[in-house]
1. Considering only residues that are in a helix (DSSP H, G or I) and among the hydroxyl-bearing types (Ser, Thr, Tyr), look in the range 126-155 and name the one that is modelled with the highest pLDDT.
2. Would you mind stating whether THR91 is at pLDDT below 85 and over 30 Å from PHE128 (Cα atoms)?
Amino acid sequence: MHLWGAVVKEPIAWFLNFLYVHLQTLPPVATIGAYGVAIVILTIIIRALLSPLTYFQLTTQRKTMVEQRKLAPQVSELRKKFKKDPQKLNTEMMQLYREHGVNPLGGLVGCLPLIVQIPILTALYYVFQDFAHSAHKAAPFLFVPNLNDTANQHLMIASLHIPSPEFLVFPLLAAITTYVQSKMLQQPTPPNPTDQEQQTQ
């Protein structure tokens, strides 16, 4: 844990604090909220650094999909032929993939870059937690009075635990952009989809 913190968390914490301190000196940024702007800049930089991994993930998944589409008729035949013998079916399918140089785990290989993002996202969580606990003054950003507060600290109707509207805007934006991004990356369903493509859809 100490090594993980030194390698991932501490550099991110230092850079976020560096951005925050220097952005505070710019009056327009200070008006918007220096801490929020620092988080936006940090996020853009991290996304840019991870973009080669994201590109690798997308290209690998699409390549695997194309390869599996080519073999879809043979796979369908094998499924019909060995419907009552799953072990033989697996053996024959592996043989088919081997003959055509297709890696059946290619889709999983494309997901490996996601694993790299996990320690970075975890580190960001702890960086924000540490900053919130050590902050001696509010960190406003746009319409949010303090980014260091949690939504539960600003309940609109306390008995129903509904956060104030300003604390709902960013989570809703995150959900919408994630949905739009997933739709943009999703391949259109072909006229004759394979079993795997139907399952994905």
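The values are calculated or read from the model by the stated rules, or taken from the named source; none is laboratory data. Remember, predicted model here, so these are calculated numbers, not experimental data. Don't worry about glycine lacking a Cβ; one is built from the backbone with ideal geometry, like all the others, and counts go over all protein chains shown.
1. Out of the qualifying residues, it is TYR126.
2. For THR91, the condition - at pLDDT below 85 and over 30 Å from PHE128 (Cα atoms) - is met.
Residues checked against (1) farther than 30 Å from PHE141 by Cα; (2) outside the structural domain of LEU124 (by TED's automatic domain parsing); (3) at pLDDT 85 or above:
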position: VAL37; (1), (2), (3): no, no, yes
position: ILE44; (1), (2), (3): no, no, yes
position: SER51; (1), (2), (3): no, no, no
position: ARG79; (1), (2), (3): yes, yes, no
position: LEU96; (1), (2), (3): yes, yes, no
position: GLU99; (1), (2), (3): yes, yes, no
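Condition check ((1) surrounded by fewer than 16 Cβ atoms within 10 Å (Cβ to Cβ); (2) more than 30 Å from LEU124 (Cα to Cα); (3) in contact with an Asp or Glu (Cβ under 7 Å, 6 or more places away or on another chain)) across all residues:
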| residue | (1), (2), (3) |
| --- | --- |
| VAL7 | yes, no, no |
| LEU23 | no, no, no |
| ILE44 | yes, no, no |
| ARG47 | yes, no, no |
| GLN57 | no, no, no |
| THR60 | no, no, no |
| LEU96 | no, yes, no |
